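To keep things clear, I will list the structure first and then write my remarks on it.
The values are calculated or read from the model by the stated rules, or taken from the named source; none is laboratory data. For clarity, every value in this text was computed on a predicted model and none was experimentally measured. FYI the Cβ positions are ideal-geometry reconstructions off the backbone, even for glycines, and counts take in every protein chain you see.
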Amino acid sequence: MSGPTSARSVATTPAPTGKTVLVTGGAGFVGSHLAAALAKENDVRILDDFSSGKRENLPEATTLVEGDVRDPNAVREAMDGVDLVFHEAAMVSVERSVERPLRSHAVTTDGSLVVLNRARREDARVVLASSAAVYGHPDSVPVSESERKRPTSPYGIDKLTADLYARQFCDLYGLETVVLRYFNIYGSRQNPEYSAVVRVFLDQARRGDPITIEGDGTQTRDFVHVSDVVQANLSAATTDRTGEAFNIGTGESVPIRELAETVRDVTDSDSDIVHTDPRPGDIDHSRADVSRAREALGYEPTVSLSEGLASLVREITA
């Protein structure tokens with residue numbers, strides 16, 4: 001089974017402590033895990049409108065500002081006096097961005113610009129969640145940060161625009177920004193309504209339904225556990241490498257057929273694996289080159305796919 005190897009000898013970047021921190025989208029999947037990790041050593045606020053996040057995801061010892069990331073007044077209230085912003089709020093579904101491109105642009109692009117502009121006034125560092133979707137169909141794998149940007153959906157276009165704005169704000173205004181381009185994240189609290197293939201396969205296997213692969217299953221993805229994504233964010237909060245973008249994945253490729261077989265194994269399911277027509281515009285292969293994140297952030301993925309899936313099964317069946 002492909003997965004992260006044992007940790008290499010790299011210098012880790014320290015996590016933030018004693019800071020006033022805002023997590024936008026902090027009731028969502030990645031945001032809630034990140035807020036929980038930060039709350040141990042920092043004063044954490046969460047800005048969320050619960051359009052996709054859930055109240056039960058809110059960590060203890062955090063302060064909620066309920067509001068829309070597009071609303072300058074809500075953002076001003078949430079960001080008053082903060083040192084550090086983790087901007088996770090966005091329209092989280094590629095499919096919905098295709099159905100509602102104007103809303104996708106408003107939430108992801110306009111919302112990011114509101115956050116960045118307020119952060120400039122507060123002189124607060126921004127760690128911004130971008131996506132591998134900015135690359136579209138890569139020319140080759142692994143995908144480095146310098147790969148041509150050819151997004152294939154409104155979601156990818158909006159993430160790329162926010163990504164560019166964040167780095168430009170560093171150049172124009174001296175605002176400390178760090179952009180993290182997430183690959184295929186999985187883990188607990190992922191909203192089933194918007195879930196990617198890992199949660200879909202797990203739900204099918206647990207019900208005993210056929211595990212349905214779109215296409216022949218040879219397409220590959222880089223699946224990264226949410227705990228590794230959290231560690232990348234914590235390191236990005238203190239690195240001196242600002243104004244840059246970093247890929248956050250595992251650096252490993254997993255064929256979708258292999259994922260389905262592993263899901264079947266960890267759930268002890270008798271589900272058949274079946275194939276349907278390929279999804280239009282689907283990317284054939286995706287794998288992150290994480291060497292820049294490793295060197296600059298001390299980033300090192302630690303959770304293998306089989307370990308992460310087994311942990312997720314335990315959590316959703318508890």
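Quick notes on this structure:
- Every residue from region 199-256 that is of a type in the set (S, T, N, Q), closer than 30 Å to residue 277 by Cα and surrounded by fewer than 24 Cβ atoms within 10 Å (Cβ to Cβ): 204, 212, 218, 219, 220, 253
- Qualifying residue in region 96-111 (condition: touching a strand residue (DSSP E or B) at 6+ places or on another chain (Cβ under 8 Å) and either β-branched (Val, Ile, Thr) or surrounded by fewer than 20 Cβ atoms within 10 Å (Cβ to Cβ) (or both)): no
- Close contacts from region 56-73, counting a first residue that is of a type in the set (D, E, K, R) and a second that is in a loop (DSSP other than H, G, I, E, B) and crowded, with 17+ Cβ neighbours inside 10 Å, with Cβ to Cβ under 7 Å and a gap of 6+ residues or different chains, come to 66/49; 68/49.
Yes or no, residue by residue, for (1) assigned to a loop (DSSP other than H, G, I, E, B); (2) aromatic (Phe, Trp, Tyr); (3) over 19 Å from residue 137 (Cα atoms):
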site: 260; (1), (2), (3): no, no, yes
site: 270; (1), (2), (3): yes, no, yes
site: 278; (1), (2), (3): yes, no, no
site: 283; (1), (2), (3): yes, no, no
site: 292; (1), (2), (3): no, no, yes
site: 308; (1), (2), (3): no, no, yes
site: 312; (1), (2), (3): no, no, yes
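- With respect to the stated conditions, residue 283 is in contact with a strand residue (DSSP E or B) (Cβ under 8 Å, 6 or more places away or on another chain), closer than 19 Å to residue 145 by Cβ, modelled with pLDDT under 95 and among the β-branched types (Val, Ile, Thr).
- Residue count, region 147-178 (criterion: in a helix (DSSP H, G or I) and of a type in the set (Asp, Glu)): 3
- If you go through region 29-42 and keep only what is touching a Ser or Thr at 6+ places or on another chain (Cβ under 6 Å) and in a loop (DSSP other than H, G, I, E, B), you end up with 39, 41.
- Against the test of being over 17 Å from residue 252 (Cα atoms), modelled with pLDDT of 95 or more, out of contact with any Ser or Thr (no Cβ under 7 Å at 6 or more places or on another chain) and in a helix (DSSP H, G or I), the options 200, 230 yield a single qualifying residue, 230.
- Only one of 293, 205 that is at pLDDT 95 or above and under 30 Å from residue 83 (Cα atoms): 293
- Exactly one residue among 223, 201, 183 is farther than 30 Å from residue 296 by Cβ and not small (Gly, Ala, Ser), and that residue is 201.
- The residues of region 51-62 that are surrounded by 14 or more Cβ atoms within 10 Å (Cβ to Cβ) and either of a type in the set (Gly, Ala, Ser) or within 19 Å of residue 21 (Cα to Cα) (or both), listed by number, are 51, 52, 53, 57, 58, 59, 62.
- A residue that is out of contact with any strand residue (DSSP E or B) (no Cβ under 6 Å at 6 or more places or on another chain), at pLDDT below 95 and of a type in the set (D, E, K, R) can be found somewhere in region 179-192.
- The set of residues in region 134-146 being modelled with pLDDT of 95 or more and either part of a strand (DSSP E or B) or buried (at least 24 other Cβ atoms within 10 Å of the Cβ) (or both) consists of 134, 135, 143.
- Residues that are at negative phi and in contact with a Phe, Trp or Tyr (Cβ under 9 Å, 6 or more places away or on another chain) do not occur anywhere in region 67-74.
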